[in-house]
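Notes to accompany the following structure.
The values are calculated or read from the model by the stated rules, or taken from the named source; none is laboratory data. Not measured: the values here are computed from a predicted model. No Cβ is skipped: glycine too gets one built from the backbone with ideal geometry, and neighbour counts run over all protein chains shown. Ligands, DNA and RNA are excluded from the accessible area calculation, which covers all protein heavy atoms including side chains. Shrake-Rupley method; radii C 1.70, N 1.55, O 1.52, S 1.80 Å.
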Amino acid sequence: MVRKNGTNKKQSKPRHPIDDIDARDILRRFVIRARRVEAHSLVQNHAVEKYVKPSMKVDYKEGQPPRIKYAMPDQEIFESLAARTRPCILGSEPVYLDKVFRSIEMLLGERQLAGQAKKCLDSCRKTFQNLHDKGEPLSDLLIGEAWLYSDLVHADPKDDKAKALKLSYRDRYYAGTSFFSMLAIVIVNMLNFVTIINSQYHLGVDAEAWKE
């Protein structure tokens with residue numbers, strides 16, 4: 001948009017669907033993105049399920065301090081999974097999960113979900129809210145994003161993300177592994193959910209989203 005003084009100001013994207021057309025487009029984009037997450041090797045072999053809570057082993061040798069060994073995925077492979085899931089936690093992205101939830105509500109209208117469908121949606125929403133909670137000084141989200149920003153995307157993290165650099169790289173990657181593994185599971189569960197209710201409730205999401 002153009003301001004009165006003649007300067008250009010970029011119009012911000014709405015954080016929620018504005019109508020049914022917008023809601024269907026959000027779900028279409030989400031299905032395409034979620035299928036890329038579902039196709040990732042760490043999802044296909046169910047490795048993300050064990051990396052939600054990465055295991056560790058403590059080795060003791062006489063006369064030496066104990067050594068902690070974390071069982072975590074290869075970083076190069078896991079970086080690609082984190083990159084595929086990350087748009088779903090960014091409010092500026094059309095596939096931001098809160099937009100997906102609100103799009104479903106808009107298209108359902110007065111129709112109410114029940115049984116397993118309701119349990120699935122409630123569980124995914126609650127898990128996402130827990131993942132997105134920044135209430136703690138060094139939450140999993142903050143540490144996970146700090147790993148992504150400082151160790152993968154940017155060289156100079158700012159503000160709260162910079163605070164996480166006080167932790168060791170191993171601890172940042174440990175938190176990032178858990179965070180993005182859980183996010184991947186939520187995304188895939190939501191993909192299955194959208195696929196089912198789009199058919200059952202005739203939401204009208206473009207069928208090409210499942211083929212593209």
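Below are the figures for this structure:
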| read-out | value |
| --- | --- |
| LEU107 being in a helix (DSSP H, G or I), in contact (Cβ under 8 Å) with a residue 24 or more places away in the chain and touching an Asp or Glu at 6+ places or on another chain (Cβ under 7 Å) | yes |
| Counted residues, segment 40-62 - those being polar (S, T, N, Q), assigned to a loop (DSSP other than H, G, I, E, B) and open to solvent by 90 Å² or more (accessible area, probe 1.4 Å) | 1 |
| Residues of segment 173-201 classified as touching a helix residue (DSSP H, G or I) at 6+ places or on another chain (Cβ under 6 Å), surrounded by fewer than 21 Cβ atoms within 10 Å (Cβ to Cβ) and within 13 Å of ALA82 (Cβ to Cβ), total | 0 |
| Selection status of VAL37, at pLDDT 95 or above, in contact with a Lys or Arg (Cβ under 6 Å, 6 or more places away or on another chain), in a loop (DSSP other than H, G, I, E, B) and not acidic (Asp, Glu) | no |
| Some residue of segment 85-96 being open to solvent by 40 Å² or more (accessible area, probe 1.4 Å), more than 21 Å from MET190 (Cβ to Cβ) and hydroxyl-bearing (Ser, Thr, Tyr) | no |
| Any hit, segment 97-118, residues being among the β-branched types (Val, Ile, Thr) and open to solvent by less than 10 Å² (accessible area, probe 1.4 Å) | yes |
| Selected residue [farther than 30 Å from LYS211 by Cβ and at pLDDT below 90] from LYS61, LYS50 | LYS61 |
| Among (1) open to solvent by less than 60 Å² (accessible area, probe 1.4 Å); (2) in contact with a helix residue (DSSP H, G or I) (Cβ under 7 Å, 6 or more places away or on another chain), the one test that ARG36 misses | (1) |
| Pairs, first free of Cβ contacts under 8 Å to residues at least 60 places away in the same chain in segment 32-47, second surrounded by 15 or more Cβ atoms within 10 Å (Cβ to Cβ) and not aromatic (Phe, Trp, Tyr), C-beta under 6 Å, six or more apart | ARG36/ARG84 |
| Which listed residue, of LEU138, LEU191, is aliphatic (A, V, I, L, M) and at pLDDT below 95 | LEU138 |
